[in-house]
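The values are calculated or read from the model by the stated rules, or taken from the named source; none is laboratory data. Not measured: the values here are computed from a predicted model. Positions of Cβ are backbone-derived with ideal geometry, glycine not excepted, and every protein chain shown enters the neighbour counts. Areas reflect the complete protein model, heavy atoms only, side chains present, ligands, DNA and RNA absent. Shrake-Rupley method; radii C 1.70, N 1.55, O 1.52, S 1.80 Å.
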Amino acid sequence: MSTVATPPSGTRPSRGPLTDLFTGGGRSRRLMWLLLGVVLLVSLVRVISGEAQLTSSSTIAAALLLAVPIGLAALGGLFAERAGVVNIGLDGMMTLGTWGAGFAGYQWGWGAAVVGGLLFGAVGGLLHALATVTFGVDHVVSGVAINILAGGVVRFLSELLYTDNPAGGGVTQSPPVDGNPPSFSVPVLSSGPDLLGSLERQRWFLVSDVAGILRGLTSGIGLLTLIAVLLIPASYLLLWRTSFGLRLRSCGENPAAADSLGVPVYRLKYIAVVISGALAGLGGVFLVFIAGIYREGQVNGRGFIGLAALIFGNWRPGGLAAGAGLFGFTDALQLRSRSAVVALFLLVAILLAVIAVVQARRGKLLPAGIAAVVAAAALVGFLTVDELPPGLVSFTPHLTTLLVLSLASQRLRMPKADGLVYRRGEH
């Protein structure tokens, strides 16, 4: 008798983890069409507004650079929260990572800066795990305490080690980091003949925009940026395609059941939160490399934006990467051109108009009306405002955070035991 199992009708067998991740299933096709639609819409807005910075390679390169620290913080939050530990302390762990990178980097070079940032961030994660897993402290209280403590610790260490330092520095900054990690550009496409650059300069509809986006993603890419991007699929494979990942995620869904099956819940929670802190610290390392120096306050709330990207991405690696990219793009745009930020009003107006039509066809007249009113207001803003005030422009990434979370809140599903204090034998 044959023992070959056949999949149920209407289902398709898996073609392997990498294939499923990048090409498999209808969801991937929908995401590809959505991405194409977004690029088409942004290209249309660029043509109408005349703001070339919307899709320029310099803006995209800056967006990638600024998205990496946010994405790493979000990735750190993913490990902790999938194990059931809410990590509000990501911002403080990034702060510790920046100081560790600045201290090690000015003495021993960029490689030591990476190690220093990882270690200092991991210490912050270890402290959070000790408070929440061992002593049962409320996760939010512990995270807030770490954020406050980190600021005081780095100021104390700077006063102790940088005051009257012959290499420079002071109570609010370190001496300059010695060297930067290597970078590269893709031959022919982004260097040498620079075919993508030639297409970008033509200012053709869609073609030049796609060329500018691709050139920004393939020109002057740092080694650590490449590693950070590769951490996204690596984290997916680790958490969703290995037994270790299954055990870790079970701690965030039902730790009592996992414990009854022999899963070392406490140990895995510790491992996850320490990894979380190390990844947040690595995000701080990138901030130091961008500035070439550690400065007090340079994290500037990016740990909280990373947490927002994690929630926007529904606690999935691909989703948090999209959220980090969105926040990085808005941050880069406000740095490149204040007038280009105004063009986002037109983009918002078109998107909300589409939402209003979709909601009206579904019979949801009140949401459709609200979307239509906000779309009209955004259009009026685009037509009447030439340049936003500097204070409002600098707030653009945070405003984007609030807007995205409000739109995404209806489809979110956090791990069931996320934030709960677990004690063996208690339910």
Checking Ser208, Ser185 in turn, the sole residue that is surrounded by 13 or more Cβ atoms within 10 Å (Cβ to Cβ), in contact (Cβ under 8 Å) with a residue 40 or more places away in the chain, among the hydroxyl-bearing types (Ser, Thr, Tyr) and on the phi < 0 side of the Ramachandran plot turns out to be Ser208
Filtering region 180-200 down to residues that are at pLDDT below 85 and outside any loop (DSSP other than H, G, I, E, B) yields Phe184, Pro187, Ser191
Selection over region 375-384 where residues are surrounded by fewer than 17 Cβ atoms within 10 Å (Cβ to Cβ), among the aliphatic types (A, V, I, L, M) and under 30 Å from the mean Cα position of the chain (by Cα) yields a count of 1
Condition set open to solvent by less than 20 Å² (accessible area, probe 1.4 Å) and not in a helix (DSSP H, G or I), scope region 266-300, selection nearest to Ala83 (Cα to Cα): answer is Val299
(Q) It is to be established whether one or more residues within region 87-96 are outside any loop (DSSP other than H, G, I, E, B), open to solvent by 40 Å² or more (accessible area, probe 1.4 Å) and of a type in the set (D, E, K, R). (A) no
Output for Cβ contacts, cut-off 8 Å, separation at least six or different chains, first residue within 16 Å of Leu307 (Cβ to Cβ) in region 88-112, second among the basic types (Lys, Arg), reads Asp91/Arg302; Met94/Arg302
Picking from Ala332, Ala280, Ala324, the residue that is modelled with pLDDT under 90 and of a type in the set (A, V, I, L, M) would be Ala332
Those residues of region 146-179 which are in contact (Cβ under 8 Å) with a residue 40 or more places away in the chain and assigned to a helix (DSSP H, G or I) amount to Ile146, Asn147, Ile148, Leu149, Ala150, Gly151, Val153, Val154, Arg155, Leu157, Ser158, Leu161
ask   = Would a scan of region 363-373 turn up a residue that is modelled with pLDDT under 75 and of a type in the set (D, E, K, R)?
value = no
Quick check on region 258-269. Is at least one of its residues farther than 19 Å from Ala321 by Cα, modelled with pLDDT of 95 or more and under 21 Å from the mean Cα position of the chain (by Cα)?
no
Checked pairs for region 37-52, first touching a residue at least 24 places away in the same chain (Cβ under 8 Å), second outside any helix (DSSP H, G or I) and aliphatic (A, V, I, L, M), C-beta under 8 Å and 6 or more apart or across chains, list as Val39/Leu206; Leu40/Leu206; Ser43/Leu206
Legend entry - Any hit, region 351-367, residues being within 23 Å of Val39 (Cα to Cα), assigned to a helix (DSSP H, G or I), among the β-branched types (Val, Ile, Thr) and open to solvent by less than 60 Å² (accessible area, probe 1.4 Å): no
